[in-house]
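Down below is the structure, laid out as structure tokens.
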Amino acid sequence: MKRVAVLGATGSVGAGTLEVIRRHPARFRAAVLTANRSWEALDALALDRDPDFVVLGTPPPDDFAPRWGGEWRFGADALAEAAGLSGIDIVLNAIVGFAGLDATLAALGAGKRLALANKESLVAGGDLVMRALRRGGGELLPVDSEHSAVHQCLAGRAVSEVARVTLTASGGPFREWPADRLATVTPADALRHPTWSMGAKITIDSATLANKALEVIEAQTLFDLPYERIEVVVHPTSIVHSLVEFRDGSSLAQLGRPSMEIPILWALGYPDRLDDQRQEAGFDPVRDGPLEFEPVREDDFPLFRAGVAAGRAGGEFPVAFNAANEIAVEMFLSGDVGFRELADVVLRTLERFSSRAIESVEDARRVDARARTIARGPYGESKSGDAE
Ligand SMILES: NC(=O)c1ccc[n+]([C@@H]2O[C@H](COP(=O)([O-])OP(=O)(O)OC[C@H]3O[C@@H](n4cnc5c(N)ncnc54)[C@H](OP(=O)(O)O)[C@@H]3O)[C@@H](O)[C@H]2O)c1
């Protein structure tokens, strides 16, 4: 029986994880559940699962009156501590954003298996995360469906045998929109993803294709692949989750209906393939074909190109890209900037950074905070006064 800490239990990946755990009661138990502010949703999950304890990333609010009588812990430190606890076998990190980095480092530092959905950890903390993995002696299993696909296709083969990895992208809701219509996109339009049901931030990232840039950086870090050997192709139905082409010219792909429960199950159960076949999950070549592919419209979705360039440039750039993008998404969702301006927020922020190496978590935190301030614009800069 593996004891699992589900970080970000109240979110979309958190819900998928709890569903997978429910179907495998002899193998997994949700021992710790966490959220940031949604204490009522966390309370309901705790009543259902009866974990050892729960953690809320923020202090208890004034109206805090849980029905579940078990132990509640509070604060970001308690959250990271939970990821490193000795009684935990697997940490599934489904926190959204840079806020997930501490838990990623804590889990790997303590030698756990980390099932990682929080791609922002790898983008902003790349070298730090991989160093923690080597030092802690744990395991890092990707939960992002594309990276899970690559992991499954690689099946332990050396990266030197790989000619290239092709990550697939759905293309988002605006794949077929002409460029001039993109200026009219509203948050409601962008939150309507054609193939995946996900949290708000990643849904917007999928619409701008920033998500795919984050995933290119994630793939480079996870698999230690040069950027030249990572490609992206649009695949509108999200059936092929990614492909690996080997040096002998043979390509392997991983296919399945778009459901996060498949990569979650792989990350929790690896190296076993657990019996979890549900009627709708399998790939049916007749029903699910034809499989179509098209190039990324890089000129119309500039955050894709900017993100990959930030990853290639390294140092502060990927941290700043991630932070500025998080702020740009917040500003778009609150109506402060339009869809086309999301890229402007990120690009003008990146101009203020360099490829100076990130040596420590403190470095990453400093660059992240500074990029957020710059991204918010004149108001944000004057508010904190630490923009330079
Ligand atoms: N959704 C997908 O299908 C999918 C696929 C691949 C990768 N991912 C990645 O998985 C991660 C989670 O995505 P999601 O779609 O599940 O997000 P989501 O639905 O928005 O859920 C996010 C979770 O993180 C918690 N959280 C938010 N801010 C936090 C903070 N500052 N400190 C601690 N916890 C915090 C939330 O708690 P509250 O409820 O209290 O806010 C919630 O439990 C992201 O990195 C995303 O890129 C998601």
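Can you list the equivalent-ellipsoid semi-axes of the chain, largest first and in whole Å, using the square root of 5 times each Cα gyration tensor eigenvalue? Could the numbers behind the result be given before it?
Values: eigenvalues 167, 149, 91 Å².
That gives 29, 27, 21 Å for the three semi-axes.
What is the log10 of I(q)/I(0) for region 2-142, computed with the Debye formula using one identical point scatterer on each Cα and no solvent, at q = 0.09, 0.17 Å⁻¹?
-0.23, -0.83
Any idea what Rg and Dmax come out to for region 8-70 if you just take the C-alpha atoms, in Å?
Just the Cα atoms of region 8-70 yield Rg and Dmax of 11.6, 39 Å.
Given the Cα-Cα distance of Phe246 and Glu161 and 0.36 nm per residue of separation, how much length would full extension add, in nm?
Gain on extension, Phe246 to Glu161, equals 30.0 nm.
Accessible area per residue for the chain in Å², computed with a 1.4 Å probe and the full protein assembly in place, what is it?
On the way: 16520 Å² over 388 residues.
Value for the chain: 43 Å² per residue.
Where the only charges are on Cβ atoms (+1 Lys, Arg; -1 Asp, Glu), what is the dipole of the chain about its Cα centre, to the nearest 20 debye?
So the dipole magnitude of the chain works out to roughly 580 debye.
Name all residues of region 24-41 having a backbone nitrogen under 18 Å from the label point set 7 Å from the Cα of Asp275 along its Cα→Cβ direction, giving them as ranges.
24-28
Take each complete run of DSSP H in the chain, measure how far its Cα atoms stretch along the helix's own axis, and keep only those covering 18 Å or more with mean Kyte-Doolittle hydropathy at least -0.5; list them.
The qualifying helices are 119-136, 210-223, 316-333.
Measuring from a point 7 Å past the Cα of Glu81 along Cα-to-C-beta, which residues in region 12-42 have an amide N at less than 20 Å?
31-39
What's the Kirkwood radius of region 61-199 in Å, using all Cα pairs?
18.0
Where both residues lie in the chain, what percent of DSSP beta bridges are antiparallel, nearest 5?
25
Quick check for you: which residues of region 97-127 have the amide N under 20 Å from the point 7 Å beyond the Cα of Asp224 toward its beta carbon?
Within reach of a label on Asp224: 105, 108-116, 122-127.
Pull up all non-local amide H partners of Ala163: gap of 5 or more, or a different chain, and H-to-H distance under 5 Å with H placed in the peptide plane.
Here Glu245, Phe246, Arg247 satisfy the definition.
Can you compute the charge dipole magnitude of region 2-142 about its Cα centre, using +1 on each Lys and Arg Cβ and -1 on each Asp and Glu Cβ, nothing else charged? Give it in debye, rounded to the nearest 20.
680
Among Phe353, Ser145, Leu252, whose Cα sits farthest toward the positive end of the charge dipole of the chain (+1 at Cβ of Lys/Arg, -1 at Cβ of Asp/Glu, about the Cα centre)?
Leu252
Of Gly11, Ala30, Leu45, whose Cα points farthest to the positive end of the dipole of region 1-61 (charges on the beta-carbon: +1 Lys, Arg; -1 Asp, Glu; origin at the Cα centre)?
Working it through, the farthest residue towards the positive pole turns out to be Ala30.
Quick one: how many lysine pairs does the chain have with C-alpha atoms less than 17 Å apart and a gap of 8 or more or different chains? Give me the count, please.
So the count of such lysine pairs works out to 4.
Let's test this: bin the Cα-Cα distances of region 183-295 at 5 Å from zero up to the farthest pair and state each bin's percent.
2, 9, 15, 20, 22, 18, 10, 3, 1, 0
About the Cα centre of region 140-191, what is the dipole size in debye to 20, counting +1 per Lys and Arg Cβ and -1 per Asp and Glu Cβ, all else neutral?
140
The values are calculated or read from the model by the stated rules, or taken from the named source; none is laboratory data. Values in this document were obtained by computation on a predicted structure and should not be read as measured data. Neighbour counts are summed over all protein chains in view; Cβ atoms, including those assigned to glycine, are modelled from backbone coordinates with ideal geometry. For the accessible areas, the whole protein counts, side chains as well, though only heavy atoms, and no ligand, DNA or RNA atoms are used. Shrake-Rupley method; radii C 1.70, N 1.55, O 1.52, S 1.80 Å.
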